[in-house]
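The values are calculated or read from the model by the stated rules, or taken from the named source; none is laboratory data. All figures in this text were calculated on a predicted structure; none of them were measured in a lab. A quick note on method: Cβ atoms are made from the backbone with ideal geometry, for glycine too, and the neighbour counts reach across all protein chains shown.
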Amino acid sequence: MKHAYYPGCSLESGSAAYDLSVRAVAEALDFELEEIDDWNCCGATEYFTQDELVATSVIARNLALIRPDLKNVVAPCAACFRNLKKTDALMQEHPEMNAKINESLGAGGLHYDAGRVRVRHLLELLYTEVGEEQIKAKAVQSLKGLRVAPYYGCQIVRPFDGFDNPEYPMKMDEMFTWLGAEVVDYPVKAHCCGGHMTQITEAAAFELIRRLLQSAVDYHADVVL
């Protein structure tokens, strides 16, 4: 099955290894990703603090660029996933905002029908569409003997997705057990990593990161994934 693919800025720069991994996984598990032609930055979180209409219009442009025959867009970056999902939901729920955003898109010859494309994170796609049987069948190396602390962060499972428990998600835990890993009880799995707080107060942001890593150490994890 073919899905639209939105890599976002991070996956083409500092997180390029993630992009390579996503594409390799898609090829191994027999689903096709078609990168959106001429996509633009999702704005991360900064745009919304300045002008909501500008922010959502910039984000909606990516949705409008998706070919009509593609019904899903995969966004591996948590911030990109959240912004695309948030904008689509906003347009569906608020007709006035929908009209304003489409007026902005119209200046560039574009239009987006809210809800036409389903925004999906890679984790949800792998769990619900690919599934345990195929993932196990395609695995080439067991993770047996590896103690894994799964880290979801605060944006993948809330507030817009709904496919997992927003306070204590478990789907990634299950996927690691499919591959033979021992999943540790990692209580901060859905806590914030600090993200863009590094631009406001580095001390607070780094303390949040320290807590995540310290918890993994306390639970004797070999790796945080």
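Structure values in brief
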{"read-out": "Residue satisfying all of: in region 149-185; more than 20 Å from the chain's Cα centre (by Cα) and aliphatic (A, V, I, L, M); nearest to V25 (Cα to Cα) among these", "value": "L179"}
{"read-out": "In region 194-207, the residues that are part of a helix (DSSP H, G or I), closer than 22 Å to P150 by Cβ and either under 20 Å from the mean Cα position of the chain (by Cα) or at pLDDT 95 or above (or both)", "value": "G195"}
{"read-out": "Residue match in region 90-104 (condition: assigned to a loop (DSSP other than H, G, I, E, B) and more than 25 Å from Y18 (Cα to Cα))", "value": "yes"}
{"read-out": "Residue, surrounded by the fewest Cβ atoms within 10 Å (Cβ to Cβ), within region 32-52, restricted to residues that are of a type outside the set (F, W, Y), in contact with a helix residue (DSSP H, G or I) (Cβ under 6 Å, 6 or more places away or on another chain) and within 16 Å of K86 (Cα to Cα)", "value": "T45"}
{"read-out": "Top-ranked residue of region 11-31 - restricted to ones that are aliphatic (A, V, I, L, M) and either surrounded by 14 or more Cβ atoms within 10 Å (Cβ to Cβ) or touching a helix residue (DSSP H, G or I) at 6+ places or on another chain (Cβ under 7 Å) (or both), ranked as nearest to L90 (Cα to Cα)", "value": "L11"}
{"read-out": "The listed residue being touching a residue at least 40 places away in the same chain (Cβ under 8 Å) and of a type outside the set (S, T, Y), out of V183, V217, V224, V188", "value": "V224"}
{"read-out": "Selection from region 147-180 of residues that are among the hydrophobic types (A, V, I, L, M, F, W, C) and in contact (Cβ under 8 Å) with a residue 12 or more places away in the chain", "value": "V148, A149, C154, I156, V157, F160, F163, M172, M175, F176, W178, L179"}
{"read-out": "Number of the condition not met by A24 [criteria: (1) in a loop (DSSP other than H, G, I, E, B); (2) within 19 Å of the chain's Cα centre (by Cα)]", "value": "(1)"}
{"read-out": "Failed criterion for E167 (all others in (1) in a loop (DSSP other than H, G, I, E, B); (2) of a type outside the set (F, W, Y); (3) farther than 27 Å from R23 by Cα; (4) touching a helix residue (DSSP H, G or I) at 6+ places or on another chain (Cβ under 7 Å) hold)", "value": "(4)"}
{"read-out": "Complete set of residues in region 131-164 that are loosely packed, with under 13 Cβ neighbours inside 10 Å and in a loop (DSSP other than H, G, I, E, B)", "value": "V140, Q141, S142, K144, G145, P159, G162"}
